[in-house]
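The values are calculated or read from the model by the stated rules, or taken from the named source; none is laboratory data. This one's a predicted model, so the numbers in the text were calculated from it and none came from an experiment. Neighbour counts are summed over all protein chains in view; Cβ atoms, including those assigned to glycine, are modelled from backbone coordinates with ideal geometry. With ligands, DNA and RNA removed, areas are computed over all heavy atoms of the protein, side chains included. Shrake-Rupley method; radii C 1.70, N 1.55, O 1.52, S 1.80 Å.
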Amino acid sequence: MTDTMIIGADSEVILHFDLKLEDGSAADSTRVNNKPAKMVMGDGSLTANFEACLLGLKKGDKKAFTLNANDAFGEPNPNNVHYMEKSRFGSDLKIEEGMILAFSQPDGSEIPGIIRSVAGDSVTVDFNHPLAGQTVIFDVEIIDVNPGNSQQGEK
């Protein structure tokens with residue numbers, strides 16, 4: 001009998017992670033606020049490729065994985081770049097290149113869009129993931145692993 005759970009298909013995982021670009025610049029990190037992430041494998045919190053990196057790891061493990069763009073956030077899709085009339089934005093909003101704004105979808109959910117350019121009455125909005133097209137380094141430290149429903153009773 002062992003107290004060390006190995007990450008499986010429906011494990012609950014508490015981890016610290018750093019997401020970095022190839023040049024070493026930080027894209028995201030749970031360490032900034034020293035608040036680890038908690039997720040359940042298969043719950044959609046991470047893409048399948050990120051989850052695959054975690055499978056087989058256990059509490060205390062530290063590991064770095066390099067994921068190319070297709071395995072991380074995909075390549076930029078030109079169909080996700082939209083041109084909108086400036087009048088669609090509130091007149092009190094000063095739209096600037098680089099801003100990230102939330103846009104409502106028909107189902108009520110929101111999606112972030114990056115303002116790529118403002119020219120006259122036209123605003124270019126990019127709905128691609130900000131890290132699309134980037135190779136990323138996924139650096140993890142597994143804080144704890146708890147069994148998922150199918151693992152109850154296994155040790």
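If you filter the range 20-66 down to residues that are under 19 Å from A132 (Cβ atoms) and in contact with a Ser or Thr (Cβ under 8 Å, 6 or more places away or on another chain), you find that the one that is most open to solvent (accessible area, probe 1.4 Å) is E22. Residues that are basic (K, R) number at least 1 in the following strands (runs of 3 or more DSSP E) confined to the range 59-145: 62-67, 110-119. If the condition is being open to solvent by 60 Å² or more (accessible area, probe 1.4 Å) and part of a strand (DSSP E or B), then the range 1-19 contributes only I6. Among the residues of the range 1-58, those that are of a type in the set (S, T, Y), farther than 15 Å from P147 by Cβ and touching a strand residue (DSSP E or B) at 6+ places or on another chain (Cβ under 8 Å) comprise S29, T30, S45. Selection of the range 37-58 for residues being within 17 Å of the chain's Cα centre (by Cα) and part of a loop (DSSP other than H, G, I, E, B) yields M41, G42, D43, G44, S45, L46, T47. Screening the candidates V140, V118 for the property of being in contact with a helix residue (DSSP H, G or I) (Cβ under 8 Å, 6 or more places away or on another chain) and farther than 29 Å from S29 by Cβ yields one hit, V118.
When L19, L46, L55 are checked against the criterion of being over 27 Å from D126 (Cα atoms) and either of a type in the set (A, V, I, L, M) or assigned by the TED database to the domain that holds R116 (or both), L55 stands alone in meeting it. For G74, the test of being under 12 Å from the mean Cα position of the chain (by Cα), exposed (fewer than 12 other Cβ atoms within 10 Å of the Cβ) and either at pLDDT below 95 or closer than 24 Å to G113 by Cα (or both) is failed.
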